[in-house]
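Here is the structure we will look at, set down as structure tokens.
The values are calculated or read from the model by the stated rules, or taken from the named source; none is laboratory data. Since the model is a prediction, treat every value here as computed from it, not as a measurement. Methodologically, a virtual Cβ is constructed for each residue, glycine included, from the backbone with ideal geometry; neighbour enumeration extends over all protein chains shown.
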Amino acid sequence: MFKKILIANRGEIALRIIRTCKEMGIKTVAIYSTADSESLHVRFADEAVCIGPPASADSYLKIPKIMAAAEITNADAIHPGYGFLAENASFAEVCREYDIKFIGPQPDQIRKMGDKITAKETMIKAGVPVVPGSAGLLKDIKQGKKLAAEIGYPVILKATAGGGGKGMRVVWKEEEFEDQWNMARQEAKASFGNDGIYIEKFIEEPRHIEIQIAGDQFGNVCHLSERECSIQRRHQKLLEESPSPFVTKKLRDAMGKAAIAAGAAIKYEGVGTVEFLVDKHRNFYFMEMNTRIQVEHPVTEEVVDFDLIKEQIKIAAGIPISGKNYLPKGHAIECRINAEDPFNDFRPSPGKITSFHSPKGHGVRVDTHVYAGYLIPPYYDSMIAKLICRAPSREECIRKMQRALDEFIVEGVKTTIPFHQQLMNNPDFQKGNFHTGFLNDFVLEPQEEKT
Amino acid sequence: MTFKEIQELIKLVNKNKLSEFKLKDGDFEISIRTEKYAKSKSVAVSPVPQALAQAPAPTTPAAPAASPAMEKPAQTDAPKKKESHNYLEIKSPMVGTFYRSAAPDKPPYVKVGDTVEPDTVVCIIEAMKLFNEIEAEVSGKIVKVMVEDAQPVEFGQVLFLVEPA
């Protein structure tokens, strides 16, 4: 087992990792930029090394500085957390060269899943369902129609040079194909100067549902059930829950098997997440794989009573996993609390937190690195806390989350707490009726002045 | 507090070149003073993290065995009061091990009293088997060498004090 782990990260995840290391009797080294000198992860680590100025590019992303810090503190392993260098295959390789264990998968596994085309090809070979589509650009309408018939309507025509929703046309039946094809090409040419089009099955009312997996160094892979992550704003997750109100036992079983097949196909080592798009008919399609611990990992930890960070460290140390799958008991929801003003287009709100009271009590967990008096630096992401509630049923969980949000006091900066409060009161959310487009139609009521 | 813990405390005081150290926790009180150092660094100690002394059952101090640059023993809540001086500081631009000379058998790049220009090499900082020559970036006279040969240093750590030209 490792004697000393350097945490190549900051904020709440750095603290999270330090906690598990302490419980395992492993010494910890924190690295920090000058902007983070008062940070909790610096305080609670056994040793701390300042590695650079505030900008991430000169500190948390600077591989030579991190390796130097590991060298002078004699760390025998590095935990990359999430973000930053967590999915940087070069970093994993440098660690290997220096004989410092990277707590995560092998470099080539990171690479394989990091490239979307390679990932899709790997999944097809492994028999994991992927979004059906053309292998490349469509030559002409004839080929397009043929493929569309094979895939099955509705299909979506996408501009290869596209983005921001431009150059995308949904075709609901064959009769519409020619018109939509022409419009898509015109739009693509006008917006991007490139009228190249490819085709994919259009997933109706997709949900983003991901499966947590774990694989050890001996080829064993297991799954720890799903997380429902459809509540997103501009592709950023705001709320996650487990189990998904939409997932049946049968679907969990099928998705779990597919996720394990995905992991086994690349002999995955470590904990990882296989993301799927699920349509309203409960067909699921591979979207991508994240080869790291994720922000929303606590939601799984609460319903399967498992320490995922501990498992990561054990796997990296060569300890085999149990091999069994883990099914959820009860329900857990996580609200990501960001220092943003939801009433002003979620504008970031860095600054000093003058007052901080986090909710507590039975079934309430708060993962945070902030405290009263903490100055939120403007150089990093805006997430300041994760509020996780767990209860025997989804209904009770929502009630508990409502209670906890009401109790969560943060003063000095704006937070997304009011947004989550309104979300918890939303009837569609309460019924579990939502998909990834949910927040597009969500109307935030203006804030009432509290007397 | 056990004898071993008091020994550790004394080591800490010396390593950090404190002239006086006082700790009070409930009924327990300890005061350590050294005559060696003229300038004093005053450091507040409350509340003590990870129990340097916890009545009734004191636990071992959390100070790790690693180098002085990495320890965070007593300077938790109060900001470290810097030695007040009007000197320029040459700070480390990187993380690594500080060496005063190019090789063990060679003389140090600079000594106290030497004059430096911005491009004068003042030391080497080694990391991952790469040796980096560090330039003064200021003009003046070396007044004090702040770290020891072969000591690990972090970003921003003060290496030399320089009297401006």
- Task: Name the single residue, out of those in the range A:63-95 being charged (D, E, K, R) and within 21 Å of A:Ile309 (Cβ to Cβ), that is farthest from the other protein chains (Cβ to nearest Cβ).
- Result: A:Glu87
- Task: Could you name every one of the strands (runs of 3 or more DSSP E) located completely within the range A:116-224 that has at least 1 residues being in contact with a Leu (Cβ under 8 Å, 6 or more places away or on another chain), of a type in the set (Asp, Glu) and within 21 Å of A:Glu275 (Cα to Cα)?
- Result: none
- Task: Return yes or no: is A:Ile293 assigned to a loop (DSSP other than H, G, I, E, B), within 22 Å of A:Ala258 (Cα to Cα), in contact (Cβ under 8 Å) with a residue 40 or more places away in the chain and not charged (D, E, K, R)?
- Result: yes
- Message: Conditions first: (1) out of contact with any strand residue (DSSP E or B) (no Cβ under 6 Å at 6 or more places or on another chain); (2) under 20 Å from A:Lys201 (Cβ atoms). A:Lys249 passes all but one, so which condition is the exception?
- Response: (2)
- Query: Restricting attention to the range A:40-53, and to residues there that are under 18 Å from B:Val153 (Cα atoms) and more than 7 Å from chain B (Cβ to nearest Cβ), which single residue is surrounded by the fewest Cβ atoms within 10 Å (Cβ to Cβ)?
  - Reply: A:Pro53
- Per the filter on the range A:55-88, residues aliphatic (A, V, I, L, M), part of a helix (DSSP H, G or I) and buried (at least 20 other Cβ atoms within 10 Å of the Cβ) are A:Ile66, A:Met67, A:Ala68, A:Ala69, A:Ala70, A:Ile72
- Just wondering, is there one or more residues in the range B:122-129 that are modelled with pLDDT under 85 and within 14 Å of chain A (Cβ to nearest Cβ)? yes
- Message: Residues that are over 21 Å from the mean Cα position of the chain (by Cα) and under 24 Å from A:Ile13 (Cα atoms), at least 3 per element: which helices (runs of 4 or more DSSP H) completely within the range A:338-451 meet that?
- Response: A:394-407
- Note on the structure: Exactly one of A:Ile124, A:Ile199, A:Ile156, A:Ile151 is under 24 Å from A:Arg282 (Cα atoms), aliphatic (A, V, I, L, M) and without any contact (Cβ under 8 Å) to a residue 40 or more places away in the chain, and that residue is A:Ile124
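Residue by residue, here is whether (1) of a type outside the set (D, E, K, R); (2) at pLDDT below 95; (3) under 21 Å from A:Gln294 (Cα atoms) holds:
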position: A:Ile18; (1), (2), (3): yes, no, yes
position: A:Lys22; (1), (2), (3): no, no, yes
position: A:Thr28; (1), (2), (3): yes, no, yes
position: A:Ala68; (1), (2), (3): yes, no, no
position: A:Ser90; (1), (2), (3): yes, no, yes
position: A:Gln109; (1), (2), (3): yes, no, yes
- Output for the range A:10-29, where each listed residue is within 10 Å of chain B (Cβ to nearest Cβ) and within 23 Å of the chain's Cα centre (by Cα): none
- Message: Please verify whether A:Ala135 is closer than 17 Å to A:Ala261 by Cβ, among the small types (Gly, Ala, Ser) and not assigned by TED's automatic domain parsing to the domain that holds A:Ala69, treating the condition exactly as stated.
- Response: no
